[in-house]
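The values are calculated or read from the model by the stated rules, or taken from the named source; none is laboratory data. The structure displayed is predicted, hence computed values, not measured ones. Glycine also receives a Cβ, built like all others from the backbone with ideal geometry; neighbour counts cover every protein chain displayed. When the accessible area is computed, the model is the full protein with side chains, heavy atoms only, and any ligands, DNA or RNA have been set aside. Shrake-Rupley method; radii C 1.70, N 1.55, O 1.52, S 1.80 Å.
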Amino acid sequence: MTTQPQQFASDNYSGVCPEAWAAMEAANQGHQRAYGDDEWTARAADHFRRLFETDCEVFFAFNGTAANSLALSALCQSYHSVICSDVAHVETDECGAPEFFSNGSKLLTARSEAGKLTPEAIREIALKRQDIHYPKPRVVTLTQATEVGTLYRPDELKAISATCHELGLNLHMDGARFANACASLGCTPAELTWKSGVDVLCFGGTKNGMAVGEAILFFRRELAEDFDYRCKQAGQLASKMRFLSAPWVGLLENDAWLRHARHANACARLLAELIADIPQVSLMFPVEANGVFLNMPPAAIATLQGQGWRFYTFIGGGARFMCSWDTSEARVRELAQAIRNVVGVSV
(Lines give C-alpha, C1' and ligand atoms only; values in the text may rest on other atoms or scores of the structure.)
Protein backbone atom coordinates (compact mmCIF):
# COMPACT_ATOMS: atom_id res chain seq x y z
CA MET A 1 0.00 0.00 0.00
CA THR A 2 1.36 3.43 -0.93
CA THR A 3 1.79 6.14 1.66
CA GLN A 4 2.38 8.85 -0.93
CA PRO A 5 -0.10 11.76 -0.72
CA GLN A 6 -2.33 12.56 -3.67
CA GLN A 7 -0.74 15.01 -6.08
CA PHE A 8 -1.98 17.28 -8.84
CA ALA A 9 0.76 17.13 -11.46
CA SER A 10 -1.15 14.73 -13.69
CA ASP A 11 -4.15 12.44 -13.73
CA ASN A 12 -1.59 9.80 -14.69
CA TYR A 13 -0.42 9.83 -11.06
CA SER A 14 -3.56 8.04 -9.87
CA GLY A 15 -3.88 4.29 -9.45
CA VAL A 16 -6.27 1.87 -11.10
CA CYS A 17 -9.97 2.31 -10.38
CA PRO A 18 -11.85 -0.62 -8.75
CA GLU A 19 -13.93 -1.39 -11.83
CA ALA A 20 -10.91 -1.74 -14.12
CA TRP A 21 -9.02 -3.74 -11.49
CA ALA A 22 -11.92 -6.16 -10.99
CA ALA A 23 -12.26 -6.70 -14.73
CA MET A 24 -8.53 -7.40 -15.01
CA GLU A 25 -8.83 -9.95 -12.21
CA ALA A 26 -11.81 -11.60 -13.87
CA ALA A 27 -9.95 -11.75 -17.19
CA ASN A 28 -7.08 -13.48 -15.40
CA GLN A 29 -9.13 -16.63 -14.82
CA GLY A 30 -8.25 -19.51 -17.10
CA HIS A 31 -7.02 -19.33 -20.68
CA GLN A 32 -8.20 -17.09 -23.51
CA ARG A 33 -7.22 -16.95 -27.17
CA ALA A 34 -4.40 -14.54 -27.96
CA TYR A 35 -3.97 -11.39 -30.09
CA GLY A 36 -7.45 -10.02 -29.55
CA ASP A 37 -9.41 -13.09 -30.55
CA ASP A 38 -10.86 -13.39 -27.05
CA GLU A 39 -14.24 -12.79 -25.43
CA TRP A 40 -13.09 -9.74 -23.43
CA THR A 41 -11.93 -7.87 -26.51
CA ALA A 42 -15.18 -8.70 -28.29
CA ARG A 43 -17.21 -7.54 -25.28
CA ALA A 44 -15.28 -4.28 -25.02
CA ALA A 45 -15.72 -3.54 -28.73
CA ASP A 46 -19.45 -4.21 -28.48
CA HIS A 47 -19.70 -1.92 -25.45
CA PHE A 48 -18.12 0.87 -27.51
CA ARG A 49 -20.56 0.30 -30.37
CA ARG A 50 -23.52 0.53 -28.02
CA LEU A 51 -22.11 3.57 -26.24
CA PHE A 52 -21.43 5.44 -29.50
CA GLU A 53 -24.65 4.25 -31.17
CA THR A 54 -22.87 3.11 -34.31
CA ASP A 55 -21.08 0.12 -35.82
CA CYS A 56 -17.58 1.53 -35.52
CA GLU A 57 -14.29 -0.32 -35.90
CA VAL A 58 -12.50 -0.65 -32.55
CA PHE A 59 -8.81 -1.24 -31.83
CA PHE A 60 -6.75 -1.15 -28.64
CA ALA A 61 -3.28 0.29 -28.06
CA PHE A 62 -1.00 0.52 -25.05
CA ASN A 63 -0.84 4.33 -24.80
CA GLY A 64 -2.09 7.60 -26.19
CA THR A 65 0.99 8.48 -28.21
CA ALA A 66 0.76 5.23 -30.15
CA ALA A 67 -3.00 5.55 -30.57
CA ASN A 68 -2.81 9.09 -31.94
CA SER A 69 0.20 8.41 -34.14
CA LEU A 70 -1.18 5.25 -35.69
CA ALA A 71 -4.61 6.79 -36.24
CA LEU A 72 -3.09 9.79 -37.98
CA SER A 73 -0.82 7.57 -40.07
CA ALA A 74 -3.91 5.73 -41.30
CA LEU A 75 -5.46 8.98 -42.49
CA CYS A 76 -2.63 10.33 -44.62
CA GLN A 77 0.41 9.51 -46.72
CA SER A 78 3.98 10.58 -45.98
CA TYR A 79 3.70 13.60 -48.30
CA HIS A 80 0.59 14.88 -46.51
CA SER A 81 0.34 17.15 -43.49
CA VAL A 82 -1.76 17.26 -40.31
CA ILE A 83 -3.19 20.54 -39.02
CA CYS A 84 -3.18 20.86 -35.25
CA SER A 85 -3.36 23.49 -32.53
CA ASP A 86 -0.10 25.15 -31.57
CA VAL A 87 -0.53 23.66 -28.07
CA ALA A 88 -1.81 20.23 -29.15
CA HIS A 89 -0.36 17.21 -27.37
CA VAL A 90 0.66 15.65 -30.70
CA GLU A 91 2.82 18.73 -31.33
CA THR A 92 4.24 19.48 -27.89
CA ASP A 93 4.46 16.14 -26.09
CA GLU A 94 4.74 13.18 -28.45
CA CYS A 95 8.40 13.44 -29.44
CA GLY A 96 7.70 13.48 -33.19
CA ALA A 97 5.82 10.17 -33.02
CA PRO A 98 3.05 11.24 -35.45
CA GLU A 99 5.67 12.08 -38.08
CA PHE A 100 7.60 8.88 -37.32
CA PHE A 101 4.68 6.48 -37.65
CA SER A 102 3.36 8.20 -40.78
CA ASN A 103 6.81 8.09 -42.42
CA GLY A 104 7.04 11.86 -42.43
CA SER A 105 3.60 13.49 -42.55
CA LYS A 106 4.32 16.99 -41.27
CA LEU A 107 2.43 18.62 -38.41
CA LEU A 108 1.33 22.14 -39.30
CA THR A 109 0.45 24.24 -36.27
CA ALA A 110 -2.43 26.68 -36.39
CA ARG A 111 -3.19 29.50 -34.00
CA SER A 112 -5.63 28.51 -31.31
CA GLU A 113 -8.06 30.38 -29.11
CA ALA A 114 -7.95 29.11 -25.53
CA GLY A 115 -6.39 25.94 -26.88
CA LYS A 116 -9.03 25.38 -29.56
CA LEU A 117 -8.82 25.40 -33.33
CA THR A 118 -11.31 27.43 -35.32
CA PRO A 119 -12.56 26.98 -38.89
CA GLU A 120 -10.77 30.20 -39.82
CA ALA A 121 -7.43 29.01 -38.43
CA ILE A 122 -7.78 25.68 -40.22
CA ARG A 123 -8.64 27.34 -43.50
CA GLU A 124 -5.69 29.73 -43.14
CA ILE A 125 -3.21 26.85 -42.83
CA ALA A 126 -4.89 24.58 -45.38
CA LEU A 127 -4.93 27.27 -48.05
CA LYS A 128 -1.59 28.86 -47.21
CA ARG A 129 0.12 27.02 -50.03
CA GLN A 130 -1.23 24.58 -52.57
CA ASP A 131 1.82 23.95 -54.72
CA ILE A 132 3.57 20.61 -55.04
CA HIS A 133 6.56 21.80 -53.00
CA TYR A 134 4.51 21.96 -49.79
CA PRO A 135 3.11 19.00 -47.78
CA LYS A 136 -0.54 18.66 -48.77
CA PRO A 137 -2.98 19.09 -45.84
CA ARG A 138 -5.06 15.96 -45.36
CA VAL A 139 -6.04 15.75 -41.68
CA VAL A 140 -7.17 18.02 -38.85
CA THR A 141 -6.64 16.77 -35.31
CA LEU A 142 -8.46 18.19 -32.29
CA THR A 143 -7.76 17.57 -28.61
CA GLN A 144 -10.84 17.03 -26.41
CA ALA A 145 -10.42 18.27 -23.69
CA THR A 146 -7.66 20.58 -24.92
CA GLU A 147 -4.23 20.90 -23.38
CA VAL A 148 -5.48 23.92 -21.44
CA GLY A 149 -8.65 22.23 -20.21
CA THR A 150 -11.15 23.86 -22.54
CA LEU A 151 -13.84 21.99 -24.47
CA TYR A 152 -15.23 21.89 -28.00
CA ARG A 153 -19.02 22.10 -28.05
CA PRO A 154 -21.01 20.19 -30.68
CA ASP A 155 -21.67 23.32 -32.71
CA GLU A 156 -17.94 24.10 -32.78
CA LEU A 157 -17.17 20.55 -33.88
CA LYS A 158 -19.79 20.71 -36.62
CA ALA A 159 -18.37 23.99 -37.92
CA ILE A 160 -14.87 22.51 -38.01
CA SER A 161 -16.17 19.34 -39.66
CA ALA A 162 -17.91 21.37 -42.35
CA THR A 163 -14.66 23.17 -43.04
CA CYS A 164 -12.83 19.84 -43.24
CA HIS A 165 -15.34 18.44 -45.72
CA GLU A 166 -15.08 21.60 -47.80
CA LEU A 167 -11.30 21.26 -47.94
CA GLY A 168 -11.13 17.47 -48.29
CA LEU A 169 -9.67 16.88 -44.84
CA ASN A 170 -10.26 14.01 -42.43
CA LEU A 171 -11.06 14.85 -38.81
CA HIS A 172 -9.29 13.08 -35.93
CA MET A 173 -9.90 13.61 -32.22
CA ASP A 174 -7.31 13.04 -29.51
CA GLY A 175 -9.61 12.10 -26.64
CA ALA A 176 -7.15 11.44 -23.84
CA ARG A 177 -9.68 13.22 -21.59
CA PHE A 178 -12.74 12.60 -23.75
CA ALA A 179 -14.61 11.21 -20.73
CA ASN A 180 -14.15 14.52 -18.90
CA ALA A 181 -15.56 16.38 -21.90
CA CYS A 182 -18.68 14.20 -22.03
CA ALA A 183 -19.19 14.57 -18.28
CA SER A 184 -18.79 18.34 -18.35
CA LEU A 185 -20.94 19.09 -21.39
CA GLY A 186 -23.67 16.55 -20.67
CA CYS A 187 -23.39 15.31 -24.26
CA THR A 188 -23.42 11.72 -25.42
CA PRO A 189 -20.22 10.28 -26.89
CA ALA A 190 -21.96 10.11 -30.26
CA GLU A 191 -22.89 13.81 -30.11
CA LEU A 192 -19.26 14.77 -29.49
CA THR A 193 -17.88 12.55 -32.26
CA TRP A 194 -19.43 11.11 -35.39
CA LYS A 195 -22.70 13.02 -35.10
CA SER A 196 -20.57 16.17 -35.23
CA GLY A 197 -18.41 14.93 -38.09
CA VAL A 198 -15.44 13.31 -36.32
CA ASP A 199 -13.98 10.45 -38.37
CA VAL A 200 -11.66 8.82 -35.82
CA LEU A 201 -11.44 9.06 -32.03
CA CYS A 202 -8.65 7.98 -29.70
CA PHE A 203 -10.52 7.41 -26.42
CA GLY A 204 -8.24 7.63 -23.39
CA GLY A 205 -8.53 5.09 -20.61
CA THR A 206 -5.31 5.69 -18.68
CA LYS A 207 -6.33 9.12 -17.37
CA ASN A 208 -9.77 7.82 -16.42
CA GLY A 209 -8.77 5.01 -14.09
CA MET A 210 -7.09 2.33 -16.17
CA ALA A 211 -3.54 1.09 -15.69
CA VAL A 212 -2.76 1.22 -19.39
CA GLY A 213 -4.65 1.25 -22.65
CA GLU A 214 -6.43 3.47 -25.17
CA ALA A 215 -9.17 2.66 -27.65
CA ILE A 216 -9.12 3.77 -31.29
CA LEU A 217 -12.56 4.10 -32.88
CA PHE A 218 -13.04 4.51 -36.62
CA PHE A 219 -16.52 5.84 -37.37
CA ARG A 220 -15.84 5.56 -41.10
CA ARG A 221 -14.90 1.92 -41.35
CA GLU A 222 -13.14 2.27 -44.70
CA LEU A 223 -10.48 4.40 -43.01
CA ALA A 224 -9.52 1.42 -40.84
CA GLU A 225 -8.38 -0.73 -43.75
CA ASP A 226 -5.30 -2.73 -42.69
CA PHE A 227 -5.13 -0.87 -39.38
CA ASP A 228 -4.55 -4.14 -37.57
CA TYR A 229 -1.35 -4.50 -39.58
CA ARG A 230 -0.25 -1.01 -38.51
CA CYS A 231 -0.80 -1.96 -34.89
CA LYS A 232 1.21 -5.16 -35.28
CA GLN A 233 4.10 -3.42 -37.06
CA ALA A 234 4.22 -0.72 -34.37
CA GLY A 235 4.37 -3.19 -31.50
CA GLN A 236 0.83 -2.37 -30.38
CA LEU A 237 -0.77 -5.78 -30.95
CA ALA A 238 -0.82 -7.22 -27.44
CA SER A 239 -0.48 -10.99 -27.35
CA LYS A 240 -2.60 -11.08 -24.18
CA MET A 241 -4.99 -8.48 -25.54
CA ARG A 242 -7.65 -9.25 -22.97
CA PHE A 243 -5.65 -7.32 -20.39
CA LEU A 244 -5.94 -4.18 -22.52
CA SER A 245 -9.60 -4.68 -23.36
CA ALA A 246 -11.06 -6.13 -20.14
CA PRO A 247 -10.58 -2.91 -18.11
CA TRP A 248 -12.73 -1.15 -20.70
CA VAL A 249 -15.52 -3.61 -19.95
CA GLY A 250 -15.21 -2.66 -16.28
CA LEU A 251 -15.32 1.06 -17.09
CA LEU A 252 -18.08 0.98 -19.67
CA GLU A 253 -20.61 -1.59 -18.53
CA ASN A 254 -22.05 0.44 -15.63
CA ASP A 255 -20.94 3.94 -16.69
CA ALA A 256 -17.98 4.00 -14.29
CA TRP A 257 -16.07 5.99 -16.94
CA LEU A 258 -18.62 8.80 -16.66
CA ARG A 259 -18.83 8.76 -12.85
CA HIS A 260 -15.07 8.98 -12.50
CA ALA A 261 -14.87 11.83 -15.00
CA ARG A 262 -17.63 13.73 -13.24
CA HIS A 263 -15.80 13.34 -9.93
CA ALA A 264 -12.50 14.61 -11.36
CA ASN A 265 -14.28 17.58 -12.95
CA ALA A 266 -16.07 18.39 -9.70
CA CYS A 267 -12.78 18.40 -7.80
CA ALA A 268 -11.31 20.85 -10.31
CA ARG A 269 -14.32 23.15 -9.96
CA LEU A 270 -14.01 22.95 -6.18
CA LEU A 271 -10.37 24.01 -6.29
CA ALA A 272 -11.23 26.94 -8.55
CA GLU A 273 -14.01 28.03 -6.21
CA LEU A 274 -11.83 27.81 -3.10
CA ILE A 275 -9.15 30.12 -4.48
CA ALA A 276 -11.43 32.45 -6.48
CA ASP A 277 -11.16 35.32 -3.98
CA ILE A 278 -7.34 35.43 -3.82
CA PRO A 279 -6.22 38.69 -5.47
CA GLN A 280 -2.76 37.40 -6.42
CA VAL A 281 -4.14 34.29 -8.12
CA SER A 282 -6.26 34.14 -11.28
CA LEU A 283 -7.53 31.57 -13.75
CA MET A 284 -5.64 31.40 -17.02
CA PHE A 285 -8.46 29.48 -18.72
CA PRO A 286 -12.03 28.52 -17.83
CA VAL A 287 -12.30 25.38 -15.72
CA GLU A 288 -14.28 23.12 -18.02
CA ALA A 289 -12.81 19.66 -17.38
CA ASN A 290 -10.48 18.29 -14.69
CA GLY A 291 -7.66 20.83 -14.93
CA VAL A 292 -7.13 24.17 -13.21
CA PHE A 293 -4.59 26.59 -14.73
CA LEU A 294 -3.54 29.43 -12.45
CA ASN A 295 -1.53 32.60 -12.78
CA MET A 296 0.43 32.79 -9.53
CA PRO A 297 3.43 34.79 -8.29
CA PRO A 298 6.66 32.90 -9.16
CA ALA A 299 7.69 32.97 -5.51
CA ALA A 300 4.43 31.29 -4.51
CA ILE A 301 4.92 28.56 -7.14
CA ALA A 302 8.44 27.90 -5.88
CA THR A 303 7.29 27.77 -2.26
CA LEU A 304 4.51 25.30 -3.04
CA GLN A 305 6.91 23.05 -4.89
CA GLY A 306 9.38 23.33 -2.03
CA GLN A 307 6.64 22.12 0.31
CA GLY A 308 6.27 18.96 -1.75
CA TRP A 309 3.30 19.82 -3.95
CA ARG A 310 3.68 18.38 -7.44
CA PHE A 311 2.27 20.25 -10.44
CA TYR A 312 3.42 21.37 -13.87
CA THR A 313 4.25 24.88 -15.06
CA PHE A 314 4.82 24.24 -18.75
CA ILE A 315 2.06 26.17 -20.51
CA GLY A 316 2.15 29.96 -20.45
CA GLY A 317 4.22 30.06 -17.27
CA GLY A 318 1.27 29.34 -15.01
CA ALA A 319 0.63 26.43 -12.68
CA ARG A 320 -1.45 23.44 -13.83
CA PHE A 321 -3.33 21.34 -11.28
CA MET A 322 -4.98 18.14 -12.53
CA CYS A 323 -7.64 16.22 -10.64
CA SER A 324 -8.19 12.48 -11.00
CA TRP A 325 -10.87 9.83 -10.57
CA ASP A 326 -9.67 9.28 -6.99
CA THR A 327 -8.88 12.85 -5.91
CA SER A 328 -10.30 13.48 -2.45
CA GLU A 329 -12.16 16.65 -1.54
CA ALA A 330 -10.05 16.89 1.60
CA ARG A 331 -6.84 16.94 -0.45
CA VAL A 332 -8.27 19.65 -2.71
CA ARG A 333 -9.02 21.73 0.37
CA GLU A 334 -5.46 21.16 1.64
CA LEU A 335 -4.09 22.43 -1.66
CA ALA A 336 -6.35 25.48 -1.63
CA GLN A 337 -5.23 26.31 1.90
CA ALA A 338 -1.59 25.86 0.92
CA ILE A 339 -2.06 28.31 -1.96
CA ARG A 340 -3.64 30.80 0.45
CA ASN A 341 -0.79 30.38 2.89
CA VAL A 342 1.98 31.00 0.36
CA VAL A 343 0.38 34.19 -0.90
CA GLY A 344 -0.52 35.35 2.60
CA VAL A 345 -4.32 35.32 2.29
CA SER A 346 -6.43 34.05 5.17
CA VAL A 347 -9.89 32.50 4.90
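Residues with amide H under 5 Å of SER112's amide H, sequence separation 5 or more or different chain, H placed in the peptide plane at 1.01 Å from N; which?
ASP86
Tally the DSSP beta bridges in the chain and give the antiparallel ones as a percent, rounded to 5. Don't skip to the answer; put the middle values down first.
Numbers: 18 of 36 bridges.
Taking every DSSP beta bridge with both residues in the chain, the antiparallel ones total about 50 percent.
Give, rounded to the nearest 20 debye, the magnitude of the charge dipole that segment 28-84 has about its Cα centre when Lys and Arg contribute +1 at Cβ and Asp and Glu contribute -1 at Cβ. If you can, show how the numbers build up before the last one.
On the way: 4 positive and 7 negative charges, 27 e Å.
Dipole magnitude for segment 28-84 comes out near 120 debye.
Over the heavy atoms of MET322, what accessible area does a 1.4 Å probe trace out, to the nearest 10 Å²?
Roll a 1.4 Å probe over it and MET322 shows about 10 Å².
Would the chain count as rounded, prolate or oblate if I go by the C-alpha gyration tensor, calling it rounded below 1.5 in a/c and otherwise prolate when a/b exceeds b/c, oblate otherwise?
Numbers: a/c = 1.94, a/b = 1.21, b/c = 1.60.
Since a/c reaches 1.5 but b/c is at least a/b, the shape of the chain is classed as oblate.
Distances over 20 Å make up what percent of all Cα-Cα pairs in segment 218-347? Provide the component values of the computation, followed by the final result.
On the way: 4870 of 8385 pairs.
The calculated P(r) of segment 218-347 puts 58 percent of pairs beyond 20 Å.
I want to check the label-to-label distance for LEU283 and ALA302. Put each point 7 Å from Cα in the C-beta direction and report it in nm to one decimal.
It is 2.9 nm.
For segment 201-258, what is the Kirkwood hydrodynamic radius in Å, using each pair of distinct C-alpha atoms? Each step should come with its number before you reach the end.
Values: mean 1/r = 0.0797 Å⁻¹.
For segment 201-258, the Kirkwood estimate is 12.5 Å.
Roughly how far apart, in whole Å, are the Cα centres of segment 145-186 and segment 124-144?
A separation of 18 Å, based on Cα centres.
May I ask you to derive the relative contact order of segment 155-210, considering only C-alpha pairs under 8 Å and at least 6 residues apart, and to give it as an integer percent? Let's see the in-between values first.
Values: 56 pairs, mean separation 26.0, N = 56.
Once divided by the residue count of segment 155-210, the mean separation gives 46 percent.
Can you tell me which of GLY306, GLY318, GLY15 moves the most in a GNM of the chain? Springs connect C-alpha atoms under 10 Å apart.
GLY306
Give the carbon-plus-sulfur fraction of the accessible surface of the chain in %, rounded to a whole number; probe 1.4 Å, heavy atoms of protein chains only. Write out the running numbers ahead of the final one.
Details: 7440 of 14990 Å².
Heavy-atom surface of the chain belonging to carbon and sulfur, 1.4 Å probe: 50 percent.
Label point 7 Å out from TYR79 along Cα-to-Cβ: which residues of segment 88-105 have amide N under 14 Å?
104-105
How would segment 1-89 be classified by its alpha-carbon gyration tensor: rounded, prolate or oblate, with rounded meaning a/c under 1.5 and the a/b versus b/c comparison settling the rest? Intermediate values should be presented prior to the final figure.
Working: a/c = 2.23, a/b = 1.17, b/c = 1.91.
It is oblate, given that a/c is not under 1.5 and a/b is not larger than b/c.
List the relative contact order of the chain as a percent without decimals, with contacts defined as Cα pairs under 8 Å and 6+ residues apart. Kindly include the intermediate steps, with their values, before the conclusion.
Values: 677 pairs, mean separation 82.2, N = 347.
About 24 percent, as a whole number.
Going by average Cβ density within 10 Å per residue, which order do the peptides 220-233, 66-79 take, highest to lowest? Can you show the working numbers first?
Values: 220-233: 14.2, 66-79: 23.1.
Descending mean neighbour count gives 66-79, 220-233.
Distance cut-off 30 Å, Cα to Cα: go down the list LYS116/LYS195; LYS106/LYS158; LYS116/LYS240; LYS158/LYS232; LYS106/LYS240; LYS116/LYS136 and report the pairs above it. Don't skip to the answer; put the middle values down first.
On the way: LYS116/LYS195 19 Å; LYS106/LYS158 25 Å; LYS116/LYS240 37 Å; LYS158/LYS232 33 Å; LYS106/LYS240 34 Å; LYS116/LYS136 22 Å.
Cα-Cα > 30 Å for LYS116/LYS240; LYS158/LYS232; LYS106/LYS240; rest within.
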